[in-house]
Amino acid sequence: MSIERDVNDQPYASPPIAHGGPSLPQERRLVTEVPGPRSRELLARKRAAVPQGIGTTLPVFVTHAGGGVVVDADGNSLIDFGSGIAVTSVGNAAPRVVERVRKQVADFTHTCFMVTPYESYVEVCEKLNRLTPGDHEKRSFLVNSGAEAVENAVKVARHATGRQAVVVFDHGYHGRTLLTMTLTAKNMPYKHRFGPYAPEVYRMPMAYPFRWPTGPENCAEEAAAQTIDMINKQIGAENVAAIVIEPIQGEGGFIEPARGFLPALAEYARGAGIVFIADEVQTGFARTGHLFACEDEGVVPDIICTAKGIAGGLPLAAVTGRAELLDAVHIGGLGGTYGGNPLACEAALAVLDTIEAEGLVERAREIGGVMLPRLRALAERFDMIGDVRGRGAMIAIELVVPGTNEPDADVTGEIVRRCHAEGLVVLTAGTYGNVLRFLPPLSIPGNLLDEGLTILEKVMSSL
């Protein structure tokens, strides 16, 4: 009988603890190859039952998760630099979330807020109205996903303004519904052969400092001027209902717009009667070292869309905006059967409590303070790293052919594969598939954050 060994080639005897949450051992532990035999068995079942269009970044089947680790069906404990794509920022089984959801599930799981309402929905909306940027009067309503939130925000803007055109940006991602696919910039895999798309959507240049033709120092001013000129000439400002933008682009590659670009757009929109919509689905709830990313430059959106980190892994999203905009919609024009499910509402209230009680806004800044210097040091060593960027616990490196700005998706994929084999969950992003993005849970212990960065350094050295 063979003896299982850990990553340090020491005998591994005891099985992983059989529950998630804060008592889950916070350690990387590899007892099989990744993926192991049990995960491979489950992957074969997935292939037989689930369409191939549902892709998998790392085919390990998770049994427990919490803190900064995920444990798979083979007993491997992997460091989590993904957080379920920025969803489990407070952890996969945060105690406050578990407690409130457990209590609610025993009381009732659903009534439909539009039929017989309940207090937790109202309380979530009250907190969003208070916490989102701006001291104006606000209203909020709850839906199920980020795409649904963005689509509803556009509905509100069109209804309130009586206009139809929507302006979006290169490299943007907003979802997989028909309208949000249209708003999304990237063809493969999000849009390919799913058309025709929704009308009256216009795409503008993004202030992408690393790839701006005349250099990053000119990026904000030139990108804003081009956008405003194109809107005025090609669409007519009087026809534009909304400008929709991510304060930091997510799927597009964690692109931080050059400073000054977002304030210039917001000011232009305000003067032209255009609704300025911030898609904070990936950037919201302490992820960037602010509660919301647009706070970094003092931008106050007319409508803000949130999801992902709002409810600790339960499906919930929100649209929050100026009262006069949201109240303009007729009764019955907004809503949905599952929107603001009571379990998700309780989870959201627990998430907000956790962010405040555990100082997670500051913790995100601390994570960025650890990651950015380490990654910039790697960029000094490895010519394949073209750019290091991000804020808080939303960090990325863009990989290029050395000596050029040409995207290198192949080396990006190889780094990901080797990181996964070493027990580090990392994700890719970017229009060109050449960005490694890091979204560690804000609950990750410092030793795991350091070990994950050491694994990345080891992998890059091996190339």
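Check whether at least one residue in region 32-55 is under 24 Å from the mean Cα position of the chain (by Cα), surrounded by fewer than 21 Cβ atoms within 10 Å (Cβ to Cβ) and closer than 17 Å to V416 by Cβ, and report yes or no. Yes - at least one qualifying residue is present in region 32-55. For I277, the requirement of being more than 18 Å from Q226 (Cα to Cα), over 12 Å from the mean Cα position of the chain (by Cα), assigned by TED's automatic domain parsing to the domain that holds D302 and not aromatic (F, W, Y) is met. Here the helices (runs of 4 or more DSSP H) wholly within region 303-381 that include at least 3 residues being surrounded by fewer than 18 Cβ atoms within 10 Å (Cβ to Cβ) are 342-357, 360-381. Selection of region 237-282 for residues being among the aromatic types (F, W, Y) and in a loop (DSSP other than H, G, I, E, B) yields only F254.
In the set (1) buried (at least 24 other Cβ atoms within 10 Å of the Cβ); (2) touching a strand residue (DSSP E or B) at 6+ places or on another chain (Cβ under 7 Å), A207 fails one condition alone, (2).
Pairs linking a residue in region 412-433 that is part of a helix (DSSP H, G or I) to a residue that is basic (K, R), with Cβ atoms under 9 Å and 6 or more positions apart or on different chains, are R418/K458. Evaluated against (1) in a loop (DSSP other than H, G, I, E, B); (2) aromatic (F, W, Y); (3) more than 18 Å from the chain's Cα centre (by Cα), F285 falls short on exactly one condition, (3).
Entry remark, region 265-302: residues being surrounded by fewer than 24 Cβ atoms within 10 Å (Cβ to Cβ), within 22 Å of E137 (Cα to Cα), touching a helix residue (DSSP H, G or I) at 6+ places or on another chain (Cβ under 6 Å) and among the small types (G, A, S) number 1 in total.
A count restricted to region 391-411 and to residues that are surrounded by fewer than 23 Cβ atoms within 10 Å (Cβ to Cβ) and part of a loop (DSSP other than H, G, I, E, B) stands at 7.
The values are calculated or read from the model by the stated rules, or taken from the named source; none is laboratory data. Bear in mind the structure is a predicted one, so any value in this text is a computation, not a measurement. Quick reminder, even Gly has a Cβ in these numbers, built from the backbone with ideal geometry, and neighbours come from all protein chains shown.
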